[in-house]
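Input: a single structure, listed below in structure tokens.
The values are calculated or read from the model by the stated rules, or taken from the named source; none is laboratory data. The structure presented is a predicted model; accordingly, all values stated were derived computationally and were not measured. Every residue, glycine as well, gets a Cβ built from its backbone with ideal geometry; the counts of neighbours run over all protein chains shown. Calculation scope for accessible area: heavy atoms of the full protein, side chains included, ligands and nucleic acids excluded. Shrake-Rupley method; radii C 1.70, N 1.55, O 1.52, S 1.80 Å.
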Amino acid sequence: MVIILSDLAALSADSYSPPDPQTALQQPVPGHDPEARLRGKSAIDHAEDLGAPLLMRRLMALQALIEMGPNALPARDTVRFVVEHGDSAQFSDVQIDELRLSALSALHAMQAPEAIDLLRSKILDPDFATQDKSYAGLLEAAVQVDIGNETLARDLMSLIDAEPDHAERLMTLGALPSPVQAALDQAVFEGAHGEAATRHFLQHLDGLSFLNDAERLEYVLGSREAAGPQQSRNALARIGSEAALDAALAIEPLEGPARFQLISRFAESSMSPEQATDRMLEEIRRLEGEQPIRQGVSLLESALRDESSSIFSRAMTELIEAGPTTMHRAIGAARQVLFLQRNPDADAPAALRPVFALLTDAAAAPEARIAAAKSLRQTPARLAALDPGYFVGEAVDLIWQAADPSEAELPVALLAPLMSSSEFAPQVVDAIEVCFSEHMAKWAINPATAIAIASGTTPGLERSATREAAAIMMGKAIQSAAIDLDYLGPHLARNGEALASLEANTVAGVIGTYAPTIFAEDKPASYDFALEPYMRPMLMRPGWFAQDPEAKAEWLAFLQRVVDLDDGNFSPTARRALERF
């Protein structure tokens with residue numbers, strides 16, 4: 001225990017004098033005018049009203065004497081009598097206290113030599129007033145008249161043995177200067193004290209600087225029977241340590257929300273948010289069933305609403321990666337995504353990484369993977385906007401792992417909404433193009449191509465590098481042995497024509513559409529798709545060629561190469577196109 005009483009014990013025994021109103025009474029009074037009048041009445045005249053039957057008359061008389069200052073000294077004895085004997089059967093205890101405090105104020109205003117000592121003595125007198133509010137007023141007056149912290153503290157120390165109940169009463173009023181309050185707290189604490197003092201110490205436990213946490217904890221546990229469960233928990237929350245939390249949880253059985261609310265109270269005190277989160281996460285791991293787990297996670301999020309978003313995100317990551325049940329992992333994934341949507345400033349890659357990892361975790365239960373997929377599918381555009389590069393990269397990686405339409409369903413659902421945006425579509429196409437050639441022999445090129453060629457209808461991408469790249473990939477896919485026209489055919493019908501059109505794409509893009517098929521080494525005699533609509537865009541003569549002769553020359557050279565190939569399927573259409581120029 002830290003001793004702090006010495007901080008206020010600097011006065012020697014010779015320099016401190018206890019209050020002595022009778023001796024002070026003999027001191028000379030300040031200069032004044034005994035004949036002075038206020039509103040036509042002398043001090044003696046005003047003092048006569050101190051015996052009036054109406055309380056208001058008495059209070060008005062005291063107020064007049066206060067306004068007269070030292071010139072009210074002729075009424076000094078009468079006013080002091082009110083201080084000492086102001087009780088009257090016709091007034092309530094509250095009214096009597098008001099009269100006595102006003103009389104003390106009048107003595108101070110007239111600069112009566114005994115005023116300060118009388119105030120000090122009445123503070124120490126347990127029978128002077130009946131109301132706590134009155135003693136609080138006396139203590140506040142002591143500060144206002146500059147009695148001094150050392151003197152006031154010494155006065156109050158005299159009560160510890162003489163009037164311990166009164167010392168406790170003054171301690172609990174909250175009206176003392178901080179140094180005096182601390183000294184009195186320690187003095188009362190170190191002796192035997194009653195329930196009111198116990199409640200005071202429990203309510204202000206974190207402010208008792210003479211105790212360390214271990215001593216605070218010992219006091220709470222020792223006072224538990226007198227304080228009751230709730231007040232004991234409140235006091236332990238003020239300590240805020242791990243040991244205090246363990247003690248609070250052990251006071252009596254608590255279940256569900258009550259346990260979380262108690263832990264969150266510790267988070268509001270000196271326990272760090274990280275510590276509180278770890279403890280609440282332990283509680284969540286113990287829960288069983290969907291509803292209790294969801295409620296536990298909600299309580300955790302609520303407790304951390306004013307803290308860094310990364311704390312909750314890390315907690316959900318732990319739940320996703322190491323949750324004790326499938327339900328824990330599933331709810332962790334769903335709440336992680338929901339939290340990210342509500343907190344767009346959070347670290348999106350850090351939050352989404354465990355969710356995407358869960359999708360491909362072979363050891364995870366299908367229910368957990370389905371929950372992760374469902375949460376991502378709800379608002380893919382909003383999630384992508386948080387970190388487009390990361391989100392698109394993860395979704396494209398999922399595409400390359402798809403071996404059939406069912407496995408492609410999720411990544412396509414994540415990327416398809418992005419293709420309507422001229423901001424996101426180029427990033428998607430770029431990400432697909434990076435690894436497209438590596439996967440030419442895999443079925444996955446079908447959903448990858450389907451997503452890429454959706455740029456054919458994206459507003460604002462006319463004759464762009466994005467459409468050019470998409471068209472080139474489309475041309476490679478059409479020629480690939482892995483093409484699945486049952487899957488890709490509807491996408492080609494919807495978006496392929498725009499990519500193969502010189503009105504909407506670059507020359508290089510349109511050439512990329514046709515070249516892999518036309519110049520393939522092992523071409524079949526016939527194709528599974530109709531050649532006429534496939535070749536029709538080759539007959540176009542776009543108006544923009546007039547402003548770009550180099551592009552026109554590049555296109556004519558390509559047509560000539562097709563004519564020179566002398567292929568029965570393709571050369572006639574190329575010849576007709578050349579003739580149109």
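The table for this structure:
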| item | result |
| --- | --- |
| 12 Å Cα-Cα reach of Lys552 towards aspartates and glutamates, excluding residues that sit fewer than 8 places from it in its own chain | none |
| All Cα pairs of segment 237-368, percent lying beyond 23 Å | 32 percent |
| Accessible area (Å², 1.4 Å probe, nearest 10) - Phe81 | 120 Å² |
| FRET efficiency, 1/(1 + (r/R0)^6) with R0 60 Å, evaluated for Arg342 and Val29 via beta carbons | 0.25 |
| Efficiency of FRET between Ile370 and Asp522 - r from beta-carbon atoms, R0 35 angstrom, step 0.05 | 0.20 |
| Rg in Å to one decimal, and Dmax rounded to a whole Å, for segment 418-490 via C-alpha atoms | 11.5, 33 |
| Tyr135, Tyr390, ranked by accessible area, largest first (probe 1.4 Å) | Tyr390, Tyr135 |
| Relative counts (whole %) of C-alpha pair distances in segment 327-386, using bins that are 10 Å wide | 25, 58, 17, 0 |
| Within straight-line cross-link reach of Lys476, lysines at Cα separation under 17 Å, skipping those fewer than 8 residues along the same chain | Lys442, Lys523 |
| Percent of Cα pairs exceeding the 18 Å cut-off, where the set is segment 315-458 | 54 percent |
| Long-range tail of P(r) for the chain (Cα pairs > 48 Å, %) | 51 percent |
| Span from the segment 318-361 Cα centroid across to the segment 165-218 one, whole angstrom | 47 Å |
| Extension reserve of the Asp567-Arg57 stretch, reckoned as 0.36 nm per residue once the Cα distance is removed | 171.3 nm |
| Enclosed volume per residue, in Å³, of the convex hull spanned by Cα atoms of segment 191-276 | 85 Å³ |
| Full-stretch length increase - Ser422, Asp125 - with 0.36 nm per residue and alpha-carbon distance subtracted | 98.6 nm |
| With 5 Å bins from 0: P(r) over segment 128-231, alpha-carbon pairs, percent | 2, 12, 23, 23, 20, 11, 6, 2, 0 |
| Potential extension, Glu497-Ser270 segment - 0.36 nm per residue separation minus Cα distance | 75.1 nm |
| Modelled label reach - Ala162, point 7 Å along Cα→Cβ, segment 115-135 residues with backbone N closer than 17 Å | 116-129 |
| Heavy atoms of Lys476: accessible area, 1.4 Å probe, square angstrom to 10 | 70 Å² |
| Cα pair distances of segment 77-135 binned at 5 Å [whole percent] | 4, 20, 32, 26, 14, 4, 0 |
| Hz values of 3J(HN,Hα) by residue in segment 329-343 - Karplus curve (6.51, -1.76, 1.60), Gly and Pro given as x | 5, 5, 5, x, 5, 5, 6, 5, 5, 4, 4, 5, 5, 7, 10 |
| Overall dimensions of segment 349-418 by Cα: Rg and Dmax, Å | 11.2, 30 |
| Residues Asn212 and Gln22, FRET efficiency given R0 of 45 Å [Cβ-Cβ distance, rounded to 0.05] | 0.50 |
| Hits among aspartates and glutamates - C-alpha to C-alpha of Lys133 under 16 Å, sequence gap 8 or more where chains match | Asp93, Asp97, Glu98, Asp125, Glu168 |
